[in-house]
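The structure under discussion appears below in the form of structure tokens.
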Amino acid sequence: MRTQQVILGEIVIDKEPIELRAELPFSEVGKKTAVLKDRLAYLLDSRFRPANPEPPNAPGLTVEEAADSLHCRCRTVLGMIKRGELHPISDEDGELYLDRAEVESIRHVRLSRTPSRIVPPK
């Protein structure tokens, strides 16, 4: 299950602020963050300062964005998925997303396999 780390806020103990973070399932970040902030505010009263709402991070690259990054066509990316070279995640709408780091590592491998142009010495 894919997770995302979020900043809930900070608690002040002996005039020292301590940042509170949580790692939540990606699909439930918005809802669970709000619930946690509400409970912490109730339990800790004035010692808790909730963080500003964070925009959700994009779940990854779309097939089109991965193709642009790899300088290839979408069909090539889909073939890499079928061969198991890339491992997509799908959201609740069925949209496929690819991990940026995984695409970047594939990009470096593809670039290293590209034959370099040999320039004759002068």
Selection count, segment 18-31, where residues are assigned to a strand (DSSP E or B) and either closer than 26 Å to residue 89 by Cα or free of Cβ contacts under 8 Å to residues at least 12 places away in the same chain (or both) = 6
query = Could you say whether any residue in segment 5-17 is free of Cβ contacts under 8 Å to residues at least 24 places away in the same chain and in a helix (DSSP H, G or I)?
reply = no
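Every residue, every condition in (1) surrounded by 13 or more Cβ atoms within 10 Å (Cβ to Cβ); (2) more than 18 Å from the chain's Cα centre (by Cα), yes or no:
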site: 25; (1), (2): no, no
site: 29; (1), (2): yes, no
site: 43; (1), (2): no, yes
site: 49; (1), (2): yes, yes
site: 60; (1), (2): yes, no
site: 69; (1), (2): yes, no
request  = Test each condition in (1) small (Gly, Ala, Ser); (2) part of a helix (DSSP H, G or I); (3) touching a strand residue (DSSP E or B) at 6+ places or on another chain (Cβ under 9 Å) for residue 34 and report the one that comes out false.
outcome  = (3)
message = So, residue 10, is that one within 18 Å of the chain's Cα centre (by Cα) and either surrounded by 12 or more Cβ atoms within 10 Å (Cβ to Cβ) or closer than 30 Å to residue 108 by Cα (or both) or not?
response = no
inquiry  = Please list, ordered by residue number, the helices (runs of 4 or more DSSP H) wholly in segment 54-122 having 3 or more residues that are modelled with pLDDT under 65.
reply    = 100-113
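The values are calculated or read from the model by the stated rules, or taken from the named source; none is laboratory data. Not measured: the values here are computed from a predicted model. Cβ coordinates were reconstructed from backbone atoms using ideal geometry, including for glycine residues, and neighbour counts include every protein chain displayed.
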